[in-house]
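What follows is calculated from the coordinates using simple rules that are stated; it is not laboratory data. Being a predicted model, the structure only gives us computed values, none of them experimental. Please note: Cβ atoms are built from the backbone with ideal geometry, for glycine as well, and neighbour counts cover all protein chains shown.
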Amino acid sequence: MEKIVIANHKMHLTYKEIIDYLNQINDLNVIFFPSSIYIPYFIQKNLKTGIQNIYINDQGNYTGEISARQAKSIGISYALIGHAERRHLFNESNELINQKVCEAIKNNLQVILCVGEEQDQDYKSVIKKQLEIGLKNINAPVIIAYEPFWAIGNSTIPSIHRIEEVITYIKSLLNKDIKVVYGGSVSINNIKQLNAIKNLDGFIVGIESLDINKLKLIREVTN
Ligand code: PGA
């Protein structure tokens, strides 16, 4: 089955760069997470589009925030929740992440919940807690993204064996049919190797996805 490919643009690309990027896409089976201000351009092109973060309430006086309800109303289908950068730079706790997951599901967004350990942490206990609290009271199917913090924006990735082991662990905690993707320095140089991992359902590509030609190559390899 074709793997899931997710492009996480984070806070990159200017307006001109985004227009240029979009002009090079006709039809590409990738879920795009651009900066929020560029989302309408992706939706107009009928591309699968997600939002990098949402707020915990539907609406109200929360300057600078975007709700799941608003996201759904413009045609967004996916919400990325609990990304390592949100956990670390914005101090998002597992409890807050759970509120966001609930809010996204209530508004019919497909959640991609990110989990992962820091260097020198025991991945089992960290991920177990992230899943237990993050998915409290959730029955809807979510996609899990395994993104070890130390492998993000880096050239070092965990060993293939380790990724396989963590994916198996996550599936054993939830259920074997749940989709689990890997993120953290996925690139055109390591994608063939990563694509050989049997129990993996796809990838999140950060920096490398900013180059549309590299993203297309990654999509080709993972078909
Ligand atoms: P990276 O980012 O590919 O640049 O490591 C992945 C992510 O943070 O989702």
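So if I place +1 on the C-beta of Lys and Arg and -1 on the C-beta of Asp and Glu, and nothing else carries charge, what would the dipole magnitude of the chain be about its Cα centre? I want it in debye, nearest 20.
Charge dipole of the chain: 420 debye, to the nearest 20.
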Quick one: if you take sqrt(5λ) for each eigenvalue of the C-alpha gyration tensor of segment 171-223, what semi-axes come out, biggest first, whole angstrom?
-> 23, 11, 9
Would you list which aspartates and glutamates come within 12 Å of Lys10, measuring only between C-alpha atoms, while excluding same-chain residues fewer than 8 positions from it?
-> Glu85, Glu208
Between Asp177 and Leu28, with labels modelled 7 Å along Cα→Cβ, what's the label distance in nm to one decimal, could you check?
-> 3.2 nm
Viscosity 1.002 mPa s, 20 °C: Kirkwood-radius Stokes-Einstein D of segment 1-140 over Cα pairs, µm²/s = 134 µm²/s
Proximal charge balance of Cys114 [Cβ under 11 Å; K/R count +1, D/E count -1] = -1
Listed residue (Gly202, Ser36, Ile97) projecting farthest to the positive dipole end of the chain, Cβ model = Gly202
Between the residues Ile66, His83, Asn154, the Cα farthest towards the positive end of the dipole of the chain, that dipole coming from +1 and -1 charges on the beta-carbon of Lys, Arg, Asp and Glu, is from Ile66
State the extension gain, in nm to one decimal, for the chain segment bounded by Asn139 and Gln44, taking 0.36 nm per residue of separation less the distance between their alpha-carbons.
-> 31.1 nm
About the Cα centre, charge dipole magnitude for segment 45-157 (Lys/Arg +1, Asp/Glu -1 at Cβ), debye = 500 debye
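For the chain, calculate the relative contact order in percent as a whole number, restricting contacts to Cα pairs under 8 Å that are 6 or more residues apart. Please report the intermediate quantities before stating the final value.
On the way: 396 pairs, mean separation 46.2, N = 223.
Dividing the mean separation by the residue count of the chain yields 21 percent.
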In segment 88-219, how does Rg compare with the Kirkwood Rh, expressed as the Rg/Rh ratio over alpha carbon atoms?
-> 0.95
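Rounded to the nearest 500, what is the chain's calculated 222 nm mean residue ellipticity when only DSSP H runs of at least 4 contribute -39500 (n - 2.57) each, over all residues?
-10500 deg cm²/dmol
What is the calculated FRET efficiency for Asn190 to Asn61, with r their C-beta to C-beta distance and R₀ = 35 Å, to the nearest 0.05? Present the calculation step by step, with values, prior to reporting the outcome.
Values: r = 45 Å, r/R0 = 1.29.
Result of the calculation: an efficiency of 0.20.
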Points 7 angstrom from Cα along the Cβ direction at Lys106 and Glu220: gap in nanometres?
-> 4.5 nm
Of Lys192/Lys216; Lys128/Lys179; Lys48/Lys179; Lys48/Lys198, those spanning more than 19 Å from alpha-carbon to alpha-carbon = Lys48/Lys198
Gained length - Thr14 relative to Glu118, 0.36 nm times residue gap less alpha-carbon distance = 34.4 nm
